[in-house]
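The values are calculated or read from the model by the stated rules, or taken from the named source; none is laboratory data. These figures come from a predicted structure and were not determined experimentally. Cβ coordinates were reconstructed from backbone atoms using ideal geometry, including for glycine residues, and neighbour counts include every protein chain displayed. These area figures cover heavy atoms from the full protein model, side chains too; ligands, DNA and RNA do not enter into them. Shrake-Rupley method; radii C 1.70, N 1.55, O 1.52, S 1.80 Å.
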Amino acid sequence: IIKFLKMKAGPTSCAFGPSAYEKLDGGHLCTPTFSSATIYFPKTSPYSTDDTSSTTTLVPSIVLVGGWGCGENVLAAWGPFLASHGIVAMTIGTPKPWSDTPPTRAQALVDASLALQKENTRSNSPLYNRLDVNARAVMGYSLGGGGAQLAALSDPSLKCSVAINPHDGNEFGIVFPESLSDNVPILILTGEKDKEAVPQTQAWEHYRKTTAPKLIMEIKDGDHYTGIGPSGGNGSDVEQGGEPCVLINCIFAHIFACGPCPLGSWNGSSGHATNESPRGAIGGIVLAWLQLFLFRDESVQSILKLQPDIASRFESQKMDRD
């Protein structure tokens, strides 16, 4: 049954959660498929009654990767937000952000997710014996959003996936599969006025190809940067965080499909969590999705059934879990 939900309300806030969080350099986990990593982790779990950092409640994890020309920091706003709600979030950078395709980013997500689980057995890790190694998710933006959907195909043990303004990489000669996930639940966020990843030929086409439980939210007046943070991102923040050689790499990428300078990516973060935000439903929907599939919290089903006011279109399928 396809659900077209016109009753509007839904989440409106992307406020920080109850857990204090910390940040850890995850460079020691890197493999050839991802070149940098930062781990944001909760000191306690909001699902625990224990007030100490030694809580035995296991915490789930999610790995996030950016898009074309993006450095690791572009999705950094999600880290503290998710960690404060009890989810370990690791942002990663890829070795060749100007030429890494969705399949390459998919492999990076899977490799990074598996590598992150090693923190559960590393004796001096703050996550020692704290990770739920069976509750893993991935998330990606733009070409990384295409990668997040391919990761769901290649690793069916993932509990869910989130694709933000997804792009299939057709401009790189990539042919996306005719069928996407039939097992791993997929959440897709897109912008109504996204000119880089046009919703009708990208996000909505990906949604139609998915037969697993799925939900798509098209953000009213949203562009290609709207989903890069819980409160709604913008391109100017991303560009202001550009590294020294970013313009050289951008020109080379357009002509030669590569970026010669290792210090030349878009690397500004945007859309950080806040108690009140006109587009706070972006963070609210993503959080509810992760709470449902990572924590198995059925109480959030009611949130995912209501179309937020910021959505121009909102649709789900196979979300009944009775």
Task: Odd one out for residue 89 among (1) without any contact (Cβ under 8 Å) to a residue 60 or more places away in the chain; (2) under 16 Å from residue 37 (Cα atoms); (3) assigned to a loop (DSSP other than H, G, I, E, B) - done: (3)
TODO: Check residue 45 against each of (1) at pLDDT 95 or above; (2) under 16 Å from residue 291 (Cβ atoms) and name the one condition it does not meet.
DONE: (1)
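Kindly indicate whether residue 265 is modelled with pLDDT under 95 and buried (at least 21 other Cβ atoms within 10 Å of the Cβ).
Working: modelled with pLDDT under 95: yes; buried (at least 21 other Cβ atoms within 10 Å of the Cβ): yes.
So residue 265 passes the test.
Take region 215-232 and flag every residue that is of a type outside the set (S, T, N, Q) and open to solvent by less than 10 Å² (accessible area, probe 1.4 Å).
Within region 215-232, the first condition is being of a type outside the set (S, T, N, Q), and the residues that meet it are 215-225, 227-230, 232.
215, 216, 217, 219, 222, 227, 228, 229, 230 - these are the residues of region 215-232 that are of a type outside the set (S, T, N, Q) and open to solvent by less than 10 Å² (accessible area, probe 1.4 Å).
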- [ ] Report yes if residue 144 is in contact with a Gly (Cβ under 6 Å, 6 or more places away or on another chain), open to solvent by less than 10 Å² (accessible area, probe 1.4 Å), more than 19 Å from residue 305 (Cα to Cα) and part of a loop (DSSP other than H, G, I, E, B), otherwise no.
- [x] no
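Would you say residue 154 is open to solvent by 10 Å² or more (accessible area, probe 1.4 Å), farther than 18 Å from residue 111 by Cβ and at pLDDT 95 or above?
Values: open to solvent by 10 Å² or more (accessible area, probe 1.4 Å): yes; farther than 18 Å from residue 111 by Cβ: no; at pLDDT 95 or above: yes.
Spelling it out, it is not the case that residue 154 is open to solvent by 10 Å² or more (accessible area, probe 1.4 Å), farther than 18 Å from residue 111 by Cβ and at pLDDT 95 or above.
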TODO: Test residue 181 against the criterion of being crowded, with 16+ Cβ neighbours inside 10 Å, among the small types (Gly, Ala, Ser) and at pLDDT below 95, and give yes or no.
DONE: no
- [ ] Go through 135, 112 for me and flag whichever is in a strand (DSSP E or B), open to solvent by less than 10 Å² (accessible area, probe 1.4 Å) and modelled with pLDDT of 95 or more.
- [x] 135
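For residue 268, state whether it is in contact (Cβ under 8 Å) with a residue 12 or more places away in the chain, touching a strand residue (DSSP E or B) at 6+ places or on another chain (Cβ under 8 Å), among the small types (Gly, Ala, Ser) and under 19 Å from residue 235 (Cβ atoms). Don't jump to the end; show me each part of the working.
Numbers: in contact (Cβ under 8 Å) with a residue 12 or more places away in the chain: yes; touching a strand residue (DSSP E or B) at 6+ places or on another chain (Cβ under 8 Å): no; among the small types (Gly, Ala, Ser): yes; under 19 Å from residue 235 (Cβ atoms): yes.
Spelling it out, it is not the case that residue 268 is in contact (Cβ under 8 Å) with a residue 12 or more places away in the chain, touching a strand residue (DSSP E or B) at 6+ places or on another chain (Cβ under 8 Å), among the small types (Gly, Ala, Ser) and under 19 Å from residue 235 (Cβ atoms).
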- [ ] Hey, can you tell me all the residues within region 285-322 that are under 25 Å from residue 208 (Cβ atoms), assigned to a helix (DSSP H, G or I) and of a type in the set (Gly, Ala, Ser)?
- [x] 288
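Residue by residue, here is whether (1) β-branched (Val, Ile, Thr); (2) closer than 24 Å to residue 237 by Cα; (3) open to solvent by less than 10 Å² (accessible area, probe 1.4 Å); (4) at pLDDT 95 or above holds:
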| residue | (1), (2), (3), (4) |
| --- | --- |
| 50 | no, no, no, no |
| 63 | yes, yes, yes, yes |
| 78 | no, yes, yes, yes |
| 84 | no, yes, yes, yes |
| 99 | no, yes, no, no |
| 103 | no, no, no, yes |
